[in-house]
Amino acid sequence: MTENKERSSSLVSFSYGPQHPGTHPYSLLLTVDGDRIEKVEAQIGYVHRGLAKQAESRTFIQALPIMERSCFIDSVNHQFGYVMAVEKLAGIEVPERAEYLRVIAAELSRMNSLISWFGGYAAETGINSAFMWAWKDREMFLDLFGHLAGSRVSVMYLTIGGVRWDWNDKLTNLTWEIIDYMEERLKIHKKLVMKNSIFKKRTKGVGVVSKEKALEYAFTGPNLRASGVQGDIRILEPYSVYDHFKFTPKVMTEGDNWARTMIRLHDIETSMEILKQALPEIPEGEYKTKVPLKLRANAGEAYARVELSRGVMGYYIRTVEDKSTKPYRVKIRGPSFSHFQIVEDILVGTHMADIPIIKGSLDVCPADLDR
Amino acid sequence: MNVEELKKKFLDNIKTAQEEKIQDNQIFIKIDKEDIKTVSKFIKEQFDDVNKILEQVFAIDFPDRNEMEMIYTWWFIEYHALVHFRVILPYDDLKVVSIQDDWVAANWHERETWEMFGIDFEGHPNLKQFLLSDELFGKHPMRKSFKIEHNPEEAK
């Protein structure tokens, strides 16, 4: 009885974040017993911008830049889902050249997102050199986006009916340069981080998410594949022209931080595979269909999904009147919203020092978490 | 199991299920709100051969019809199929049974819907302030009656 009393008095509650360097703008309300975590309550909403509500008062095309803001780091893929949903709703055909250009831009964006995550994650485990190196690599992608669309981070490359700018030889050369460069760099990253014994100790067998738990918490993307389920919709339900390429996203069964890191590094290689096949085959033709600025869609609903670097992103768009110029309701299904919920479960029983490692391995983007 | 067989399985086993449409690999089925728990249990227990996740839960406000719609989406991964269940909630009874004890993923989705639309989820353990700031809390900003103060200039 006394023991219990002592035990309960040793419990301390405090807020971990949002100013903590290991968190993004969200906080965890922790109850700890010494170093051991007893209870976690996630507190999110620090960057809630009401994107879905904002989209309701804009035309379909005006809503494009907001959709990119669900998370800046994989901006092309975020727009990809939205334009697909609008095209489905309004019945717009996209030329094949545009589809190829979309896939190329989306894969570059995915690689950009994954390498940035990798750098950040290495920093969270204490390998700061890898962080600097990975974010140096990211510059290559940003420069390419600068040439492609004029802006480096919020690319705004996709538009309804196609892409905004045509491709050219300079971009092809830059992309090949990136592929050659990244192939070498990935070897260095693997040597520096994945062979590091501290990294191995902190990630192997830590933060294990079983297959059942991953499904229960609606995991998608690399997190689901790390727990043993092939859930990459690029091969399961190919959208755009993904069915033209041969690639195999990796599946592992461990479900720990290590597996999630390996899967993400492999995803960069998968993206390079797709780029190598897509670049020589870009068909001739139009790069966009002419779509009126005041695009009108009939009453209906459409749900389109894309594979983000983090998981499945879905956009549901509803219109209630014929010839509507604005969406009546937009629902943005972000993968991070489902992924982050698990921290209330898997962090319990671990140590304080493991929080950034486990949380980081889920690749949660707060902007896509709050929307 | 393909999309047609999956649809048939739901229509045969859920009493109030009405087929609405099939778009590509997506099935839209309308059910009474009393049945949502039956559906969630049915999906959890009857499909052992497939991995499935609860992809999303969300609502749409229809002030003209005095009702709200709720959509529950399940993804059957190996069937390559999505099933959307539509539930209608009249304005004078904005209540539905929570399915978070069957599907943990529903917890946050329901909490978000509660906060943004004011729909009550019976049996949900943790309905409290979540995404909204203090000034907006309780105003259900995703309802159509809530107007954004600074609208962008509308396209003429």
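Give the shape of the range B:3-92 as rounded, prolate or oblate, defined through the alpha-carbon gyration tensor: a ≥ b ≥ c are the square roots of its eigenvalues, a/c under 1.5 means rounded, and otherwise the shape is prolate if a/b is larger than b/c and oblate if not. It comes out prolate by the Cα gyration axes.
For the range B:103-112, the Karplus equation 6.51 cos²θ - 1.76 cosθ + 1.60, evaluated at θ = phi - 60°, returns couplings of 10, 4, 4, 5, 3, 6, 4, 5, 5, 5 Hz by residue, with Gly and Pro reported as x.
The long axis of helix A:169-189 is offset from the longest Cα principal axis of chain A by roughly 20 degrees.
Other chains near B:52-62: what is the mean number of their Cβ atoms within 10 Å of each residue's Cβ?
Other-chain Cβ atoms within 10 Å of each residue's Cβ, averaged: 6.
Pairs of lysines in the range A:214-343 whose Cα atoms sit within less than 30 Å of one another amount to 16, provided the residues are eight or more positions apart or on different chains. Ellipticity at 222 nm from helices only: DSSP H runs of n ≥ 4 in the protein assembly as shown, each -39500 (n - 2.57), divided by the residue count, give -12000 deg cm²/dmol. Across the range B:62-156, counting alpha-carbon atoms alone, Rg and Dmax equal 15.7, 48 Å. Simple point charges give the picture: +1 on the Cβ of Lys and Arg, -1 on the Cβ of Asp and Glu, and for the range A:312-371 a dipole about the Cα centre of about 440 debye. Listed values for the range A:119-133 are Karplus-derived 3J(HN,Hα) couplings in whole Hz (6.51 cos²θ - 1.76 cosθ + 1.60, θ = phi - 60°), namely x, x, 5, 4, 5, 5, 8, x, 9, 6, 4, 4, 4, 4, 5, and x replaces Gly and Pro. Rounded, prolate or oblate for the range A:65-110? Axes are the square roots of the Cα gyration tensor eigenvalues, ordered a ≥ b ≥ c, and the cut-off for rounded is a/c under 1.5. Verdict is oblate for the range A:65-110. A dipole drawn for the range B:3-92 from +1 and -1 charges on Cβ atoms has a positive end, and of B:THR16, B:TRP75, B:ILE88 the residue lying farthest that way is B:THR16.
Computed from Cα atoms, the angle from the helix A:75-90 axis to the main principal axis of chain A rounds to 50 degrees. Amide hydrogen proximity for B:VAL97: with H placed 1.01 Å from N in the peptide plane, the residues at 5 or more positions away or on another chain lying under 5 Å are B:GLU122.
Just want to confirm a number: the relative contact order over chain B, from Cα pairs under 8 angstrom separated by 6+ residues, in percent. Computed value for chain B: 19 percent relative contact order. Between B:ASP120, B:ASP64, B:ASP24, the residue with the greatest mean-square fluctuation in the GNM of chain B (Cα pairs under 10 Å linked by springs) is B:ASP64. For the range A:34-139, the relative contact order comes to 17 percent (Cα pairs under 8 Å, sequence separation of at least 6). Equivalent ellipsoid of the protein assembly as shown: semi-axes from √(5λ) of the C-alpha gyration tensor, largest first, are 33, 33, 22 Å.
The C-alpha atoms of chain B define a longest principal axis, and helix B:36-46 lies at about 40 degrees to it. For the charge dipole of the protein assembly as shown, defined by +1 on Lys and Arg C-beta atoms and -1 on Asp and Glu C-beta atoms about the Cα centroid, which residue among A:GLY255, A:GLN19, A:THR289 has the Cα displaced farthest towards the positive pole? Among A:GLY255, A:GLN19, A:THR289, the one farthest towards the positive end of the dipole of the protein assembly as shown is A:GLN19.
Once C-alpha pairs closer than 8 Å and six or more residues apart are averaged by separation and normalised to the residue number of chain A, the relative contact order reads 25 percent. Under a model in which nothing but the beta-carbon of Lys, Arg (+1) and Asp, Glu (-1) is charged, chain A shows a dipole of about 460 debye around its Cα centre.
Less than 5 angstrom separates the built amide H of A:GLY228 from those of A:MET252, all sequence-distant by 5 or more or on a different chain. Where does the charge balance sit around B:LEU131 when Lys and Arg score +1, Asp and Glu -1, over other residues with C-beta under 9 Å from its C-beta? Net charge in that neighbourhood comes out at -1. Take chain B, mark every one of the GluC sites (Glu not before Pro) that falls in a DSSP loop and has at most 12 other Cβ within 10 Å, then report the longest stretch left between them, sites excluded. It works out to B:1-134. Here the Karplus relation 6.51 cos²θ - 1.76 cosθ + 1.60, evaluated at θ = phi - 60°, turns the backbone of the range A:318-334 into coupling constants of 10, 10, 10, 10, 5, 6, 6, 9, 10, x, 7, 8, 10, 10, 9, 9, x Hz, with x for every Gly and Pro. Other chains near B:81-94: what is the mean number of their Cβ atoms within 10 Å of each residue's Cβ? Average per residue, whole number: 1. Going toward the positive end of the dipole of the protein assembly as shown, with +1 on Lys and Arg Cβ and -1 on Asp and Glu Cβ, which of A:LEU369, A:PRO327, A:SER227 do you reach last? Towards the positive end, the residue furthest out is A:LEU369. Shape class of the range B:3-51 from the alpha-carbon gyration tensor: oblate, with a/c at 1.5 or above and b/c at least as large as a/b. Please give the direction-averaged projected area of the C-alpha convex hull for the range A:192-272, in square nanometres with one decimal. The directionally averaged projection comes out at 5.8 nm².
Counting only other chain Cβ atoms within 10 Å of each residue's Cβ, the peptide A:211-218 averages 5.
No lab work stands behind these numbers, since they all come straight from the coordinates. Remember, it's a predicted structure, so these values are computed and weren't measured experimentally. For neighbour counting, all protein chains shown are included, and Cβ atoms are generated from backbone atoms with ideal geometry for every residue, glycine included.
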